[in-house]
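Student: Would you mind keeping the following structure in view while I ask a few things?
The values are calculated or read from the model by the stated rules, or taken from the named source; none is laboratory data. All figures in this text were calculated on a predicted structure; none of them were measured in a lab. Because the Cβ atoms are built from the backbone with ideal geometry, glycine has one as well, and the counts that use them run over all protein chains shown.
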Amino acid sequence: MITKQALENIYSKYNKFELISPDPLQFVHLYQDNADKEVVALIASSFAYGNVKQIIKTVDKILSVLGTCPKIFIEQTPRKKLEQLFKGFKYRFTSQEELVNLLCAIKEVLKEYGSMENLFWQYYKDNKDYLAAERSFAAKLRSFGKINTLMPDPSKNSALKRLNLFLRWCIRKDEVDTGCWTKIPACGLIVPLDVHMHRVARILGLTKRNQADMKTAVDISKSFASLCPEDPVKYDFCLTRFGIRDDMNEKDLENI
């Protein structure tokens, strides 16, 4: 398995703000208020599937409608108005209905809990079981209406990559991640696992598992935690630059 020093070298070199683009995380940094950041983070991460150029284009289109204060806009805009504003919306498998359902789910959570962070905290605070809290959080959002393409069923063995991406963006704080949440510690974070990160993890000896599912995400996170227990997904961003950016290649990791 890769050493901590090697990971620290990669982190110091590639965990840079200027390397975020192209990544939907870039939109979260456009907002100053943490209340807006968490809302934008959930929207941007939920659409983080498919071609990255199309992801960026789609998220930009959604946020241009929500304006400079997305939280207030969502809180004050009735469903029928949202349906009018996003009439004809389509992104890959995601329809106008699912986008509006997501925005209305955010609205209901803000109304009931005050913030997305408070909702997650409700599930986390007693048992400190991060995975259970994550699944309950996802189930709650899904309870307000169909958002299957944006928030997979947490009762299945999905790696919940986009939700883990959202949580990383909000909970961790450094040059890249925003730290707009302050109640939940980073020590329980689970790596946002997709086929790309799975391949990188196997190259570096972080897992031997063949499926890119939740068990593998937890396995990789445990490997990271053995090196950095207080912040196990610290190296996620810098490692996933390889293969995402045109000027960085996964094969380079084989020689580290």
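Student: Within the group Asp213, Asp231, which residue is within 18 Å of the chain's Cα centre (by Cα), over 23 Å from Tyr49 (Cα atoms) and either surrounded by fewer than 21 Cβ atoms within 10 Å (Cβ to Cβ) or among the basic types (Lys, Arg) (or both)?
Tutor: Being within 18 Å of the chain's Cα centre (by Cα), over 23 Å from Tyr49 (Cα atoms) and either surrounded by fewer than 21 Cβ atoms within 10 Å (Cβ to Cβ) or among the basic types (Lys, Arg) (or both) holds for just one of Asp213, Asp231, which is Asp231.
Student: Kindly indicate which of Thr68, Thr94 is hydroxyl-bearing (Ser, Thr, Tyr), buried (at least 20 other Cβ atoms within 10 Å of the Cβ) and either closer than 22 Å to Pro22 by Cα or in contact with an Asp or Glu (Cβ under 9 Å, 6 or more places away or on another chain) (or both).
Tutor: Within the list Thr68, Thr94, the selection yields Thr94.
Student: Val195: buried (at least 22 other Cβ atoms within 10 Å of the Cβ) and of a type in the set (Val, Ile, Thr), yes or no?
Tutor: Numbers: buried (at least 22 other Cβ atoms within 10 Å of the Cβ): no; of a type in the set (Val, Ile, Thr): yes.
When the stated conditions are applied, Val195 does not pass them.
Student: Mind listing just one residue for me: the one in region 85-114 that is without any contact (Cβ under 8 Å) to a residue 12 or more places away in the chain and in a helix (DSSP H, G or I) and, of those, farthest from the chain's Cα centre (by Cα)?
Tutor: Among residues in region 85-114 that are without any contact (Cβ under 8 Å) to a residue 12 or more places away in the chain and in a helix (DSSP H, G or I), the one farthest from the chain's Cα centre (by Cα) is Glu112.
Student: Mind listing whichever residues of region 198-210 are assigned to a helix (DSSP H, G or I), of a type outside the set (A, V, I, L, M, F, W, C) and crowded, with 22+ Cβ neighbours inside 10 Å?
Tutor: The one that is assigned to a helix (DSSP H, G or I), of a type outside the set (A, V, I, L, M, F, W, C) and crowded, with 22+ Cβ neighbours inside 10 Å: His198.
Student: Can Asp177 be described as in contact (Cβ under 8 Å) with a residue 12 or more places away in the chain and within 17 Å of Asp129 (Cα to Cα)?
Tutor: No: the conditions fail for Asp177.
Student: What residue, of Ile190, Ile220, is modelled with pLDDT of 95 or more, aliphatic (A, V, I, L, M), surrounded by 21 or more Cβ atoms within 10 Å (Cβ to Cβ) and farther than 21 Å from Ser46 by Cα?
Tutor: On inspection, the qualifying residue turns out to be Ile220.
Student: Next question, about the same structure. Counting only residues that are farther than 16 Å from Val28 by Cβ and either in contact (Cβ under 8 Å) with a residue 12 or more places away in the chain or outside any loop (DSSP other than H, G, I, E, B) (or both), which one in region 48-60 is nearest to the chain's Cα centre (by Cα)?
Tutor: Applying the filter and picking the extreme gives Tyr49.
Student: If a residue must be in a loop (DSSP other than H, G, I, E, B), of a type in the set (A, V, I, L, M, F, W, C) and free of Cβ contacts under 8 Å to residues at least 60 places away in the same chain, how many such residues does region 136-153 contain?
Tutor: Matching residues across region 136-153 total 1.
Student: A further question on this structure: What number of residues within region 1-33 are among the small types (Gly, Ala, Ser) and either exposed (fewer than 13 other Cβ atoms within 10 Å of the Cβ) or not in a helix (DSSP H, G or I) (or both)? Don't jump to the end; show me each part of the working.
Tutor: In the first step, residues of region 1-33 are kept if they are among the small types (Gly, Ala, Ser); the result is 6, 12, 21.
This time we only want the ones that are either exposed (fewer than 13 other Cβ atoms within 10 Å of the Cβ) or not in a helix (DSSP H, G or I) (or both), so: 12, 21.
Adding up the residues that qualify gives 2.
Student: Let me ask you something else. Please enumerate the residues belonging to region 211-225 that are in contact with a Lys or Arg (Cβ under 9 Å, 6 or more places away or on another chain) and assigned to a helix (DSSP H, G or I).
Tutor: Selection gives Met214, Lys215, Thr216, Ala217, Asp219, Ile220, Phe224.
Student: Specify the residue that is surrounded by the fewest Cβ atoms within 10 Å (Cβ to Cβ); the eligible residues are those in region 108-125 that are charged (D, E, K, R) and under 15 Å from Ala138 (Cα atoms). Full working, then the answer.
Tutor: Here is the first cut: in region 108-125, the ones charged (D, E, K, R) are 108, 111-112, 117, 125.
Now drop any that are not under 15 Å from Ala138 (Cα atoms), which leaves 108, 117.
Working: Glu108: 14, Glu117: 20.
This residue is Glu108.
Student: Can you tell me which of (1) β-branched (Val, Ile, Thr); (2) modelled with pLDDT of 95 or more; (3) surrounded by 13 or more Cβ atoms within 10 Å (Cβ to Cβ) is the one Val52 doesn't meet?
Tutor: (2)
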